[in-house]
Amino acid sequence: MGSVDAPKDYDVIIIGAGLSGINAAYRVQTELPDYSYTILEARDVIGGTWDLFRYPGIRSDSDLHTFGFPWRPWQHSKAIADGTSIRNYIRDSAEHFGIDKQIQFHHKLMSSDWSSNEQIPTSPISHLSKARPSIRNSGPETSITPTKKIIIIGSGATAVSLLPVLIEKASHVTMLQRSPSYFISIPSVDTTSDLIRKIFPSWIASRLIRWKFLILPFLFFTFCRHFPAMAKKGLRKRIQEDLPPSVPLDPHFNPSYYPWEQRLCICPDGDFFSALKTGKADIVTDTITSVTTTGITTQSGQHLDADIIITATGLKMQLGGGAPLTVDGEKVVLHDRFLWKNTMVEKVPNAAVIIGYTNASWTLGSDTAALLICRVLKFMRDHNISSAAPTLGLNPSEQNGSASTGDKTVQSGEWRGMKEMAVLNLSSTYVEKAKGILPKTGDKGPWRPRSNYFVDGWGAVFGDLTTGLRFVPASATGKANRVDKKSV
Ligand SMILES: Cc1cc2nc3c(=O)[nH]c(=O)nc-3n(C[C@H](O)[C@H](O)[C@H](O)COP(=O)(O)OP(=O)(O)OC[C@H]3O[C@@H](n4cnc5c(N)ncnc54)[C@H](O)[C@@H]3O)c2cc1C
């Protein structure tokens, strides 16, 4: 593994060739065709999450019409797709638009420092040897025989997609959960979409289908948030109808929270409930006290036999692979900083983070972020600005967006006393844990958290760009807007 300097001859450097990175690349190359860009990818493949995770049964729990890229409509009948199909779709999309040619594999961003004097980021990149194998979750598949008893620990999307696959391979599967989740069965093939495809030409059909999948889940989410008790009752009633008599609704399907305070578990064609009906799978709601040589002992005194224990818990979020960020050598502690319009970190010039939605398809949020970033870049180009940094407490003339605001900031003003809020508005364990590493949002102006795709999408395309951003004109620094006439 050798170290190389940051590539300095690109206008935009994108870190990661997952869904967000490929989408951002498409937006940069279409919105800013004269800009050069590269994608640095630590691994040797495109796809991020959808290549890394390989456990049996891996699939999306979002429909691919909105989880897929808006610029490359998902054409398959199945709206919920398996991991391999998603990985192939991301790779094919990148290849179709020539994005794959801009990726530098085996290049890992190790840290990034912004130099105010130079008006550029300096970013040490590790060049990982080509021989280095990519890290893959092989999953437990190979070691399972039909006589094995399996316990899956967890009650989230991973556990729910594993269970129907594992009962095909094991003698018995137990899903051991500490706290229950909400489940919803949906048909894997959407017949309305098929009908729409038959009636309309494909370019209209894909738009109509996408809008259907944008609007219906949004209405359902809004209903859950406004009428939580009714939503809880309705969901539990549906679960009761799907359950075999041997599995009681309580306590296994009685979450301590209301629907959409955490993600719902999607069961395509009710596969999870069908698995329970075979009698080869059950659910235990209890807390683990110890793991023994033969299984697991729980707080209520049960001993659950197991040959294999699978932990389907503990998902950890990370920004930029945890690469430390500094500005003029000073460390940026992300969770102390506010996010400007959910994309740019307070007092960090010319850098943006892309965080998708957790209460809708990730890609919807990641795309509004990418569009917003492209608009900021265009604004900077058109006004010959060499850097833009979110700053609290700019005075009114600066907030009103004069591009020639110089380099002074007033550390007071209307954002003072702003209430802190979380970036992600779910109470799931992985979201709670991520609070320690994610920047925060506020309750005012451009520091507010995301709203929804419709509002954020409008804001990305038409919203105000200047409030809360401190601009340094290229003329004030003697540096060009871009490195060699190009640099971001
Ligand atoms: C099992 C699983 C299922 C999911 N299902 C859904 C779903 O159905 N719907 C939904 O909306 N969301 C889902 N999510 C959330 C999911 O993570 C996102 O939807 C999406 O795939 C994230 O894409 P990304 O590009 O932002 O990040 P990633 O997919 O994590 O890609 C990041 C890429 O950046 C690279 N990278 C990281 N750090 C560096 C560095 N320092 N230098 C160079 N390269 C770097 C990584 O190698 C990786 O390729 C799921 C997550 C998991 C784990």
When residues of the stretch 17-50 are limited to those that are over 20 Å from Gly98 (Cβ atoms) and part of a helix (DSSP H, G or I), the one nearest to the ligand (Cβ to nearest atom): Thr49
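Is it true that some residue in the stretch 52-70 is in contact (Cβ under 8 Å) with a residue 24 or more places away in the chain, open to solvent by 50 Å² or more (accessible area, probe 1.4 Å) and near the ligand (Cβ under 9 Å from one of its atoms)?
yes
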Any hit, the stretch 291-308, residues being within 25 Å of the chain's Cα centre (by Cα) and open to solvent by 70 Å² or more (accessible area, probe 1.4 Å): no
Qualifying positions in the stretch 176-200 - among the small types (Gly, Ala, Ser) and outside any loop (DSSP other than H, G, I, E, B): Ser185, Ser193
Residue count for the stretch 303-326, restricted to those that are away from the ligand (no atom under 16 Å from the Cβ) and either in contact (Cβ under 8 Å) with a residue 24 or more places away in the chain or assigned to a loop (DSSP other than H, G, I, E, B) (or both): 6
Where Gly356 falls short, out of the listed (1) of a type outside the set (S, T, N, Q); (2) surrounded by 18 or more Cβ atoms within 10 Å (Cβ to Cβ); (3) touching a strand residue (DSSP E or B) at 6+ places or on another chain (Cβ under 7 Å): (3)
Residue count, the stretch 347-379 (criterion: within 13 Å of the chain's Cα centre (by Cα) and either within 16 Å of Asp61 (Cβ to Cβ) or outside any helix (DSSP H, G or I) (or both)): 13
Unique residue being among the aliphatic types (A, V, I, L, M), in a helix (DSSP H, G or I) and surrounded by 18 or more Cβ atoms within 10 Å (Cβ to Cβ) when the list is Ile266, Ile209: Ile209
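Considering only residues that are assigned to a loop (DSSP other than H, G, I, E, B) and open to solvent by 30 Å² or more (accessible area, probe 1.4 Å), look in the stretch 327-336 and name the one that is nearest to the ligand (Cβ to nearest atom).
Val333
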Unmet requirement for Leu214, which otherwise passes all of (1) closer than 22 Å to Tyr430 by Cα; (2) in contact with a Leu (Cβ under 9 Å, 6 or more places away or on another chain): (1)
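The values are calculated or read from the model by the stated rules, or taken from the named source; none is laboratory data. Note that the structure is a prediction, hence the values are computed from the model and not measured. Cβ atoms come from the backbone with ideal geometry, glycine included; neighbour counts cover every protein chain shown. What goes into the accessible areas is simple: the full protein's heavy atoms, side chains included, and nothing from ligands, DNA or RNA. Shrake-Rupley method; radii C 1.70, N 1.55, O 1.52, S 1.80 Å.
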